[in-house]
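Following: one structure in structure tokens, then a few remarks.
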Amino acid sequence: MDIKVHFIEALKRVFQERIAGAGRAESEAAAEADQVRADSRRREDAKAAALQGRLESGHRRRRKQVASEMERLLAFSEKGLRRFGSSDRVDLGALVDVQIEDEAGVEERTLFFLPVGAGAELSGPGGDGFVVVVTPRSPVGKALFRSRVGDSFEVVVDGLDREWTVVDLA
């Protein structure tokens with residue numbers, strides 16, 4: 001299995017888990033709201049029921065949002081995952097090795113540049129290593145987009161100014 005396909009499948013599983021979790025939370029909030037409404041005798045009880053209803057609504061919105069992201073991922077992956085060479089520019093579907101330098105030192109990371117899934121950490125085949133999903137809407141994604149191997153840029157993450165250098169592209 002191609003490594004990119006492996007990571008896409010892993011991200012699908014992440015989305016499926018998030019959808020299921022939001023669905024369970026939505027059902028639990030709805031059941032709690034129904035119970036509070038059935039037991040309500042006072043104004044405070046009505047407020048508690050309204051709160052549970054808002055929680056249910058919030059979980060429903062989150063479930064729908066993740067389902068929409070899953071649909072976008074499927075549509076993107078069905079188009080095929082392009083292979084990038086060292087002279088190409090970073091675009092959607094690229095696996096990007098970066099070197100990150102800050103006051104604490106230097107570290108290397110592999111990023112998967114995708115339209116959805118920001119921040120998801122995906123394990124490699126057999127648990128070998130991991131990649132972090134970056135989207136074009138994130139600060140790192142905005143700086144990374146259209147860069148090439150050897151390009152450097154600065155991004156503030158968690159209040160720390162870090163220099164990022166593109167080391168490899170696949």
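Bear in mind these aren't lab numbers, they're just calculated from the coordinates by the rules spelled out. No experiment lies behind these values; they were computed from the predicted model shown. So basically every Cβ, Gly included, is an ideal-geometry build from the backbone, and we count neighbours across all protein chains shown.
Key figures for this structure:
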{"read-out": "Between segment 150-166 and segment 51-116, the Cα center-to-center distance that results, in Å", "value": "18"}
{"read-out": "Estimated D of segment 4-115 in µm² per second, where Rh is the Kirkwood radius over Cα pairs and Stokes-Einstein applies at 20 °C, 1.002 mPa s", "value": "123"}
{"read-out": "Among V157, V116, V96: highest mean-square fluctuation, GNM of the chain, C-alpha pairs under 10 Å", "value": "V157"}
{"read-out": "Between helix 43-78 and the chain: long-axis angle, C-alpha atoms, 0 to 90°, nearest 10", "value": "30"}
{"read-out": "Whole-Å semi-axes of the ellipsoid equivalent to segment 60-170 (Cα gyration tensor, √5λ, descending)", "value": "24, 17, 14"}
{"read-out": "Farthest toward positive dipole pole in the chain [+1 Lys/Arg, -1 Asp/Glu at C-beta], among V66, T165, A143", "value": "V66"}
{"read-out": "Most positive-pole-ward Cα, S152, L55, L11, against dipole of the chain from beta carbon charges", "value": "L55"}
{"read-out": "For M70, net neighbour charge (Lys/Arg +1, Asp/Glu -1) across residues whose Cβ lies under 13 Å away", "value": "+2"}
{"read-out": "Cα-projected label distance for F145 with R72, points at 7 Å along beta-carbon direction, nm", "value": "1.1"}
{"read-out": "Lys pairs, the chain - Cα-Cα below 21 angstrom, 8 or more residues apart or on other chains", "value": "4"}
{"read-out": "Cα-centred dipole magnitude for segment 51-170, charges only on beta-carbon of K, R (+1) and D, E (-1), debye, nearest 20", "value": "1080"}
{"read-out": "Computed label-point distance, nm, for sites E107 and S57 using a 7 Å Cα→Cβ extension", "value": "4.0"}
{"read-out": "Cβ-defined net charge surrounding D97, 10 Å radius [Lys, Arg +1; Asp, Glu -1]", "value": "-1"}
